[in-house]
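Encoded as structure tokens, the structure appears first; notes follow it.
The values are calculated or read from the model by the stated rules, or taken from the named source; none is laboratory data. Not measured: the values here are computed from a predicted model. Heads up, the Cβs are rebuilt from the backbone with ideal geometry, glycines too, and the neighbour counts pull from every protein chain shown.
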Amino acid sequence: MSEHNAPVRPGPEPAYRQSVEAVAAAQHTDPRRGLDEDQAQQRLASGGRNELAAPPVLPAWRKLLAQFTNVLVLLLLGAGAVSTVLWLLERESALPYEALAILAIVLLNAVMGYVQESRAESAMAALNKMSANEAVVIRGGEQRKVPAAELVCGDLIVVEEGSTVPADARLIQTSALRTAEAPLTGESLPAIKGIEPLAGEAGPGDRACMVFSGTAVSCGRGKAIVTATGMQTEIGRVAGMLNDAGDDVTPLQKELDRVGKTLGLVVVGIAVVMIGTIILVQDVRGWKALLDVLILGVALAVAAVPEGLAAVVTVALALGVQRMARRHAIVRHLAAVETLGSANVIASDKTGTLTRNEMTVSTVLTASGRISIDGTGYEPRGKICMEGGAEAAGAPGVELARALAAACHVNNAVLQEHDGCWTVLGDPTEGALIVAARKAGVDDDTRHARFERVAEVPFSSERKLMSTLHRDAAQAGRLMLFTKGAPDVLLERCSHELVGDQPQLLTDARRAHILEVNASLAGQALRTLGVAERELDAHAVEPATVDASVEQALTFLGLIGMIDPPREEARLAVEHAKSAGIRPMMITGDHPATACVIAAQLGIATDGRAVTGAEIEHMKDAELARVVCEVSVYARVNPEHKLRIINALQGGGATVAMTGDGVNDAPALKSADIGVAMGITGTDVSKQAADIILADDNFATIVAAVEEGRAIFANIRKVLRYLLSSNIGEVMTMLFGVLLARQIGLHGEAGALALPLLATQILWINLVTDGAPALALAVDRPAPGLMLVPPRPRSEGVLTGRMWLGIFSVGAVMAAGTLLVLDAALPGGLVEGDGSMRHGQTMAFTTLVMFQLFNVFNARSDEHSAFCRLFQNPWIWAAVGLSLALHAAVLTVPLLQNAFSTVSLSGSDWLQCAAVASSVLWVRELGKLLARHRRR
């Protein structure tokens, strides 16, 4: 391959800072003829196709196998194996129900985890969908269509209205070209394009002489030299960051994994201690007795593991997801619900998230003064009045109608209504002008019928103006020129101003005043346009030859200010977030002044300070870490900047929820603790990278989702509090029952072990009390004031020291009460009884079951009384009733009596068990009362 034909990458000087000639030379291409076909094929062979690289895909069997590597899952599998061994040895039931239940839990978790493994591949597929399928290219001087994947650096491409840009390219020729770059840069308005190089560093949103792969051409046309393809494009860099941003483990997953590891050690310790204690304390002789000891030790260890935990947590999350869906928040990743509930920072994109992404005219300045126009969005309804509140009638009304009518004529947008929903086809700025005219009562259909467009001088970045020429059907021989554009440029071409219905000379003082108001509006983040008109003689002007030279001696009609307004509900949501201890932030690709004004209107920040991407570029990580603690508004940022901001926040201990809707948001969405994408305006890329999708694009929905997340996490804590305290009660009962066997009168018959409970009884307690009651707690309603407390610190685990204290104290009460009932039922010991060993074990068995059912009400809160909202959750009462019914069956059905070594109990026996078991409720109530008293 010759040096001339070799694909050439741009030198150290970026293409947007080079002249057209320099770019063409660097790419070894002809700016008129493009590449020859042979050159293009050679570069394609050596440089690769214009496609995004897909991440490596794991085989399905490896994805499935990976779901079984979690420590808690391994413990569950171990529990299932032990249960199966017990069933094989004792055959107490027709099937190993416990083992089957555990296996079902493990498989459920594995399937759900397997489904989530495709997130990265889905995001990359969405990125590829954004790429153009075909490109119009000039090769060897001939224009043709080729597959976009076959473009190479140096190709000369043609882009025009309605097409998708196939690669990053340096513009060499434009005609009124504008591209919609919001998905890439976050800029709400189409970017105006030209061919002049830039002098200094600039982010993608400011590179006016470049077009980018995946963006759409909103109007005009142009030619450009391809400077980057595939993964070298801006969208390719986003794809690379998306691949590099791994799926973070959520705090809940980390905590449950840690609890699982801790329980694993505890399980081994319990088995060893129990087996050793029984062998030392009791007279264990023969292999049969030794095997019974081993089985009991392992069975107790299995009982110590809340094997229902994973399933109950999954159910709690799944039910929470359903509630969130009813509130328009679609969850793609179950564990993300908890993370959102613990978020203490919400970093939000501006355009379409905090704002409506609908340009709206709010102010018009005419010769008679400033006129305000109410209403937001594209619905043509709103109040119009003068600055002091007076009606815009008389001269102001005439001036307003003329200004907005002219703006409608020099306009290519279309306002549409469908089922009460108003939308704009075309440039959103032009659409806003049509909406304002409708609000002012301007009948644009009638005026368009009267004024037929006969010529257009399209907008250009050099002139900053657009003009249209119209023939007046009501007055023969009359042509009207309507012009709109940058106010400062337009005023230079105006000689008069419309006052009432007559033009008057535009004085220097008046011109200066208009420019002063224009600067004031810009300071309020309003985008401004000037509109003007000129009457021409149809006999002296040939429409076919009209050019920019006619834009002289214009009559200034008015100054129009517009803004992408903030959502009203977003303002309330920001206030609610702050009251919940959550810090809202704005990270946008828009202009700093606009970002500061919107942030102030929403209450995000009132200091008027915004840090730009250019400033972040020169900050070291340590400096950025300090800045993110102080500044809440970031503007003109690119994807790398967003990632650095998110990482800096996380490095400072924050749990970050990141919202966004564009391609440029995707890497940050994936790297944040929780990514929240917009469902309506969001790109497929952002949705696939996110954990939660807002179906209504409403920032307020995020706050509702936070409330749900907190409620779900509170319920998970309730479940853990209940399961662990109940299981520790079982362990303590067995351990101290063996250690204190002589003191409580516990002695077995000749050759039999003396134990408080049998292995099958322990497993039955777990099966009955760990199921329905735990699920009922998982659907408990949130406590009042949930959103008035700060978020949980990132360093705080799901189980706190205070919770562990409560768990062990409840377990101790359970063990003491159960052993007391056992002692009272057996001859000898501290309390004299006259029952048999089987009767005593049945009493202890029943007492421990009832202890755990009373404990359900304790577990609802570590602070509030169990009698608060006692009947608010009917599922708890249903679960307690079901568990009691099942236990009664074990004590009364002969087949089950034989399987679990139980006997029937009298009414007084039941009352005795219930009375002792209720002590766990009164003890905890006293503890909660003292805790509340200390806080007061």
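Laid out as a table, the results:
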read-out: Wholly enclosed strands (runs of 3 or more DSSP E) of region 133-234 bearing at least 3 residues of a type outside the set (A, V, I, L, M); value: 142-147, 168-180, 216-228
read-out: Matching residues, region 487-517, being closer than 19 Å to LEU465 by Cα and free of Cβ contacts under 8 Å to residues at least 60 places away in the same chain; value: ASP488, VAL489, GLU492, ARG511, LEU515
read-out: Residue match in region 655-671 (condition: surrounded by fewer than 23 Cβ atoms within 10 Å (Cβ to Cβ), under 14 Å from ALA347 (Cα atoms), at pLDDT below 90 and not acidic (Asp, Glu)); value: no
read-out: Residue among THR429, THR468 that alone is under 30 Å from ALA570 (Cα atoms) and either buried (at least 17 other Cβ atoms within 10 Å of the Cβ) or out of contact with any helix residue (DSSP H, G or I) (no Cβ under 7 Å at 6 or more places or on another chain) (or both); value: THR429
read-out: Extreme residue, surrounded by the most Cβ atoms within 10 Å (Cβ to Cβ), among residues of region 171-212 that are of a type in the set (D, E, K, R) and under 23 Å from SER348 (Cβ atoms); value: GLU181
read-out: Residue within region 157-174 that is of a type in the set (S, T, N, Q), under 25 Å from GLU617 (Cβ atoms) and at pLDDT below 90 present; value: no
read-out: Condition met for LEU415 (in contact with a Lys or Arg (Cβ under 8 Å, 6 or more places away or on another chain), among the aliphatic types (A, V, I, L, M) and in the same structural domain as LEU469 (by TED's automatic domain parsing)); value: yes
read-out: Filter pass, ALA474 being hydrophobic (A, V, I, L, M, F, W, C), within 24 Å of ALA553 (Cα to Cα) and more than 38 Å from the chain's Cα centre (by Cα); value: yes
read-out: Hits in region 816-832 - residues which are outside any loop (DSSP other than H, G, I, E, B) and either more than 54 Å from the chain's Cα centre (by Cα) or of a type in the set (A, V, I, L, M, F, W, C) (or both); value: ALA816, LEU819, LEU820, VAL821, LEU822, ASP823, ALA824, ALA825
read-out: Which listed residue is in a loop (DSSP other than H, G, I, E, B), of a type in the set (S, T, N, Q) and at pLDDT 90 or above, from SER861, SER904, SER908, SER865; value: SER904
read-out: Test: residue in region 660-669 that is within 30 Å of ALA216 (Cα to Cα), among the β-branched types (Val, Ile, Thr) and in contact with a Ser or Thr (Cβ under 9 Å, 6 or more places away or on another chain); value: yes
read-out: Residue satisfying all of: in region 397-417; surrounded by fewer than 24 Cβ atoms within 10 Å (Cβ to Cβ) and charged (D, E, K, R); nearest to LYS383 (Cα to Cα) among these; value: ARG402
read-out: Residue, farthest from LEU506 (Cα to Cα), within region 528-573, restricted to residues that are without any contact (Cβ under 8 Å) to a residue 24 or more places away in the chain and not charged (D, E, K, R); value: THR545
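Conditions (1) in a helix (DSSP H, G or I); (2) aliphatic (A, V, I, L, M), marked per residue:
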{"position": "ILE604", "(1), (2)": "no, yes"}
{"position": "ARG609", "(1), (2)": "no, no"}
{"position": "TYR634", "(1), (2)": "no, no"}
{"position": "LYS642", "(1), (2)": "yes, no"}
{"position": "GLY653", "(1), (2)": "no, no"}
{"position": "GLY675", "(1), (2)": "no, no"}
